[in-house]
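The values are calculated or read from the model by the stated rules, or taken from the named source; none is laboratory data. Computed from a predicted model, the values in this text were never measured in an experiment. Heads up, the Cβs are rebuilt from the backbone with ideal geometry, glycines too, and the neighbour counts pull from every protein chain shown.
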Amino acid sequence: MRVTSTQWRHAASERTADSKSKGQEGSGALHAETLEQSVLRSLDRYFADLDGARPHALHELVMQAVERPLLKFAVDRCAGNQSAAADLLGINRNTLRRKLVDYGLL
């Protein structure tokens, strides 16, 4: 079964709402965080660490920071099967292979 990005976001927001309804937020409790929230929090930290300096090539920096571990996760999750990993990611197998080579994962 294929899960669309909309379904993924909906499931993530349901998990967050479920955690809140069970009182799992607040002091020391596990808090479900969406991927988008995690990225935004990381970007806030990144800009705070810049201490006023201007970032350079922010899009490339974020894409490399996210894409490499995502590709590695997908290939590992699919036990090295590139076709299955490409399907999981929703990209062509040749595109996956090129990206794996580009990131030194092959």
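Just a few scattered comments:
- Hey, Asp18 loosely packed, with under 14 Cβ neighbours inside 10 Å and either at pLDDT 95 or above or touching a His at 6+ places or on another chain (Cβ under 8 Å) (or both) or not: no
- Any hit, region 21-31, residues being at pLDDT 60 or above and surrounded by 12 or more Cβ atoms within 10 Å (Cβ to Cβ): yes
- Verdict on Arg54 being among the basic types (Lys, Arg) and surrounded by 12 or more Cβ atoms within 10 Å (Cβ to Cβ): no
- Answer residue from region 57-86, given it is in contact with a helix residue (DSSP H, G or I) (Cβ under 8 Å, 6 or more places away or on another chain) and in contact (Cβ under 8 Å) with a residue 24 or more places away in the chain and is nearest to Leu40 (Cα to Cα) among those: Val66
- Looking across region 41-51, the residues that are loosely packed, with under 11 Cβ neighbours inside 10 Å and of a type outside the set (D, E, K, R) come down to Ala48, Leu50.
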